[in-house]
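Heads up, the thing below is written out as structure tokens.
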Amino acid sequence: MTQWKSLALALAMCSSLGHGAVDSGSYTPESEPAYREIPVESIQEFVQIYGIVKENYVEEKNDQALFELAIQGMVAGLDPYSRYLSANDYSELVQYTEGEIATVDFELEYDQQQQKWLIAGLESQADSAKQGLRNGVSVFKIDDQELKNLNQDQVNALLTGPIASSLNLQLADKSQKIRIVRSKKIDTEIQSQLLSNQVLVLKVKVFQQDTANEIKNIIEQYANDSPKAVLIDLRNNPGGLLSAAVETADLFLERGLIVVTKSRVEGEQQFQALPSNEFKNLKLGVLINQRSASAAEVFTAAMKAHKRAWVIGEKSYGKGMVQKLFPLSNGSALQMTVAHYYTPNQQMIEGLGIQPNQSYAMQLGMNEQHYLERVAELLLAH
């Protein structure tokens, strides 16, 4: 056990010196966070468990693998969004543009005869195929959500999320979860259509850097059609950039608070709308569902709090946490929650979501166009 005592001594020395994650650049004393000393008893317990696992686990694990597992367990146990990124995972993540959304490298199609959702369109060299998935295999759950009573749009929504994010598949009720990374980029261009009742619908799939400008330009393009209202469709929108959601809210607010972030380290930050009357007389609606999250909830909450828009649909997802990347010296990184979103009414979004002004969910088997027209009628009637 001499090597475990040496490890305990080394960890104890590290705990007394302190350590920290720096966003970029070299270390400076001013940027070094102050950490409390780790109790020696905790280090000794960790080393004892480490030694037992190292010597007795059914499969041999090297030191690097065990330390990564320990780190992953510590970070993943904080909340559903914090995670440890290996050097390879972090390298892939930074290649993507923030605010992009993606899906997985296969499709799910419903088989009427079997009454199951089956994998389709999976290429033999795709990452999911390397994990053992095959075309024709049935999927029971995605992220603990059973698929049997869902329609195609709802299933596709579960497969979609921020690019490089992951989901968990279960092929049967009690089967092991399979982690799949969303790597197939989805076109995020805003889709617009003018309904027969003169309501302009803007489908915003994710909040990106130019989202506010795109919305402004589209509304101006339809000015000669004299739309009676604009409906911002945020169903299945996983969020994106906070700055883009703030800028979009600023388009429609004359003034006032848009969102507050509260952090243990950076304190409270408030994001205010700049004085403007550009779209002052435009009737506005927001359509959300259970997959509307994060930045989409920030925008919705601001519109609702200031009574600027009539919110229709279902209660939103309830993701009100801000994540930050902490690169590490070995090329890996921590993606960790550092703040919470609060609405202008000082209500937390995390775990609660945003309740619509008027509940109206899309029923199983309902036609998409019919649903949108009905929502537009509810907006005009308000």
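Just so it is clear, none of the values below were taken in a lab; they were calculated from the coordinates. The shown structure was predicted, so the numbers you read here are calculated from the model rather than taken from an experiment. With ideal geometry, Cβ positions are generated from the backbone for all residues, glycine too; neighbour counts draw on all protein chains shown.
Since only 286, 337, 43 are under comparison, the one whose Cα sits farthest along the positive direction of the charge dipole of the chain, derived from C-beta charges on Lys, Arg, Asp and Glu, is 286. Here the chain is treated with +1 on each Lys and Arg Cβ and -1 on each Asp and Glu Cβ, and its dipole about the Cα centre works out to around 820 debye.
Using 1/(1 + (r/R0)^6) with R0 = 25 angstrom and r between the beta carbons of residue 63 and residue 94, what's the FRET efficiency to the nearest 0.05? So, using R0 = 25 Å, E works out to roughly 0.40. Taking 0.36 nm per residue of separation and subtracting the Cα-Cα distance, full extension of the segment from residue 326 to residue 221 would add 33.6 nm. Of all complete DSSP H helices in the chain, not one has a Cα span along the helix axis of 27 Å or greater and a mean Kyte-Doolittle hydropathy of -0.5 or more.
What's the FRET efficiency of residue 382 with residue 263 using the Cβ-Cβ distance as r and R₀ = 35 Å, to the nearest 0.05? With R0 = 35 Å, the Cβ-Cβ based efficiency is 0.45.
Compared with the alpha-carbon gap, the fully stretched path from residue 79 to residue 137 is longer by 17.8 nm at 0.36 nm per residue.
Looking at region 176-213, the trypsin sites (Lys or Arg not before Pro) that sit in a DSSP loop and have at most 14 other Cβ atoms within 10 Å of their own Cβ are 177. Only one item in [x] 37; [y] 24; [z] 32 matches percent of Cα pairs over 41 Å apart derived from the coordinates shown, and that item is [y].
The slack between residue 281 and residue 116, meaning 0.36 nm per residue of separation minus the straight C-alpha distance, is 54.5 nm.
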